[in-house]
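The values are calculated or read from the model by the stated rules, or taken from the named source; none is laboratory data. Just so we're clear, the structure is a prediction, and the values are computed from it rather than from any experiment. Note that we place each Cβ from the backbone using ideal geometry, even for glycine, and neighbour counts take in every protein chain shown.
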Amino acid sequence: MGESMKRLSKRTNVLRFRPIVASTPAVDTAAQRYNLTTAEKRVLSAVMDSGGVRSVATALRISEATVKTHLQNIFGKTGARRQIDLVKLVIAGGASERTGPPAHDQLLATST
């Protein structure tokens, strides 16, 4: 490690940024379609990659309560009721060319 990096790492006031979780085109489409905030999009992307609340919280370095709050907001905007429904919704929405939000009940009926 270079001398400047050693000095930088010793500082206590170094800014820490949230890790960037790369989103997929399907997540981008869902975020735009359902008007998700940047934080909700980040959580949605992490759900698609990691799965559960604990792993999402760890990956994003936020509390589990914060993940749950964002998920509730996402559920409210998308009509999904569970994380697996949300994943199905994102996958189906990214694969379709529909212009409006798909009906949640129709999506679940066709995916089972």
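Assorted remarks:
- Total residues in segment 15-32, condition modelled with pLDDT under 90 and either surrounded by 17 or more Cβ atoms within 10 Å (Cβ to Cβ) or aromatic (Phe, Trp, Tyr) (or both): 3
- Of the set (1) farther than 17 Å from ASP28 by Cα; (2) touching a Lys or Arg at 6+ places or on another chain (Cβ under 8 Å), all apply to PHE75 but (1).
- Test result for ILE74, modelled with pLDDT of 95 or more and part of a loop (DSSP other than H, G, I, E, B): no
- Count of residues meeting criterion [outside any helix (DSSP H, G or I) and under 16 Å from GLY79 (Cα atoms)] in segment 38-59: 0
- Members of segment 55-69 found to be surrounded by 15 or more Cβ atoms within 10 Å (Cβ to Cβ) and among the aliphatic types (A, V, I, L, M), listed by number: VAL56, ALA57, ALA59, LEU60, ILE62, VAL67
- For segment 33-54, a tally of residues being modelled with pLDDT under 95 and out of contact with any helix residue (DSSP H, G or I) (no Cβ under 7 Å at 6 or more places or on another chain) returns 3.
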